[in-house]
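What follows is a short report on a single structure.
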Amino acid sequence: MTFQAPSGTNSLNVAISEHVARIVIDNPQRKNAVDLAGWRALAALVPELAARPDVRVIVLSGAGPDFCAGADISEFDAVRRDAATARVYEAANSAAFAAIRTSAVPVIAAIRGICFGGGFGLAASCDLRIATEDARFAVPAARLGLAYPLDAMIDIVTAAGAQMARYLTLTAQPIDARQALAGGFLLEIVAPGSFEERVGKIAAAIAASAPLSVRASRLSIMSVVTKDPLVARMAQEAGDATFDSADYAEGRAAFKERRQPNFQGK
């Protein structure tokens, strides 16, 4: 299944196959920079996909050689010109990041080339980040004289660590994939020729796992990161629910019969 969601100068191309939804930010002439309409479209699209019974994992990438250059600065004079308009713009930013961070299914960032600014924020809000050797990362807010939304900064610190977050935001200097890997921002670096295959294998492994178990694990990890009592309670309830699920019975049966389990998310 394939469909396209137009959003200003951006298009979000989506394909769903074997429980994997792939979102491609399609604005390659601007290195996949995202305009205001694009942020709003992402915020709506991710939960829509995650709610589908045929989707168990989402892969986010960019068209062409780059992941995402961040916000489309060419429209800032109109949509981010002062504090009032900036608040509206940042609300759209934050909604897109939150949609990924709180997605009902895991989200993988498949990163090639440039991953700057808001693109870095998108990647930071994902569960896993995999990159090619030529990937480059930057948070250039200090060069533009603006500040990132607090929730986006929380994602960056969580994903990259406080020291790397300080270096990226205070200097606005880019880092390469090796530095991002060493800082913990990346899960792994993959050669360009093997990149799609590797991303596909990780997505397929998640899609083949028991959905209720995946949900419980993600909530437990989020509870550790956020230290939020509500999330901790949700994690406990999600974990308890797995033991009454049909998937738990299927997992036990598959183990005894030495076959691959066929999980239904029930």
- List pairs: first in segment 232-259 and open to solvent by less than 80 Å² (accessible area, probe 1.4 Å), second of a type in the set (Gly, Ala, Ser) and not in a helix (DSSP H, G or I), Cβ under 7 Å, 6+ apart or cross-chain? 247/210; 247/265; 251/210
- Message: Give me the residue from segment 1-31 that is part of a strand (DSSP E or B) and among the hydroxyl-bearing types (Ser, Thr, Tyr) and, out of that set, modelled with the highest pLDDT.
- Response: 17
- Show the residue pairs that are 6+ apart or on different chains and have beta-carbon atoms under 6 Å apart, the first residue being within segment 145-156 and more than 16 Å from residue 170 (Cβ to Cβ), the second being open to solvent by less than 40 Å² (accessible area, probe 1.4 Å) and polar (S, T, N, Q). 149/93; 149/94; 151/94; 155/125
- Query: Can you tell me which residue in segment 155-187 is least open to solvent (accessible area, probe 1.4 Å), limited to those that are of a type in the set (S, T, N, Q) and assigned to a helix (DSSP H, G or I)?
  - Reply: 169
- Contacts under 7 angstrom Cβ, first residue in segment 90-101 being of a type outside the set (A, V, I, L, M, F, W, C), partner assigned to a helix (DSSP H, G or I), 6 or more apart: 93/39; 93/118; 93/152; 94/151; 94/152; 101/125; 101/155
- Item | Positions within segment 10-30 being closer than 12 Å to residue 55 by Cα, among the charged types (D, E, K, R) and surrounded by fewer than 21 Cβ atoms within 10 Å (Cβ to Cβ), in sequence order | 18
- Task: Among the numbered conditions (1) surrounded by fewer than 21 Cβ atoms within 10 Å (Cβ to Cβ); (2) not in a helix (DSSP H, G or I), tell me where residue 58 comes up short.
- Result: (1)
- Query: How do the helices (runs of 4 or more DSSP H) wholly within segment 71-154 filter down when requiring 3 or more residues that are modelled with pLDDT of 90 or more and surrounded by 20 or more Cβ atoms within 10 Å (Cβ to Cβ): which remain?
  - Reply: 83-101, 118-125
- Task: Please verify whether segment 210-217 includes one or more residues that are at negative phi, in contact with a strand residue (DSSP E or B) (Cβ under 9 Å, 6 or more places away or on another chain), surrounded by 15 or more Cβ atoms within 10 Å (Cβ to Cβ) and at pLDDT 95 or above.
- Result: yes
- On the given criteria, is residue 191 small (Gly, Ala, Ser), closer than 29 Å to residue 133 by Cβ and open to solvent by 80 Å² or more (accessible area, probe 1.4 Å)? no
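Can you tell me which of 199, 225 is open to solvent by 60 Å² or more (accessible area, probe 1.4 Å), within 27 Å of residue 118 (Cα to Cα), not charged (D, E, K, R) and not in a strand (DSSP E or B)?
Working: 199 fails: open to solvent by 60 Å² or more (accessible area, probe 1.4 Å).
Of 199, 225, the one residue that is open to solvent by 60 Å² or more (accessible area, probe 1.4 Å), within 27 Å of residue 118 (Cα to Cα), not charged (D, E, K, R) and not in a strand (DSSP E or B) is 225.
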- Message: For residue 52, only one of the following conditions fails: (1) outside any helix (DSSP H, G or I); (2) modelled with pLDDT under 85; (3) open to solvent by 50 Å² or more (accessible area, probe 1.4 Å). What is its number?
- Response: (2)
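The values are calculated or read from the model by the stated rules, or taken from the named source; none is laboratory data. Keep in mind it's a predicted model, so treat the numbers as computed, not measured. Because the Cβ atoms are built from the backbone with ideal geometry, glycine has one as well, and the counts that use them run over all protein chains shown. Heads up: the accessible areas ignore ligands, DNA and RNA and are worked out on the full protein's heavy atoms, side chains in. Shrake-Rupley method; radii C 1.70, N 1.55, O 1.52, S 1.80 Å.
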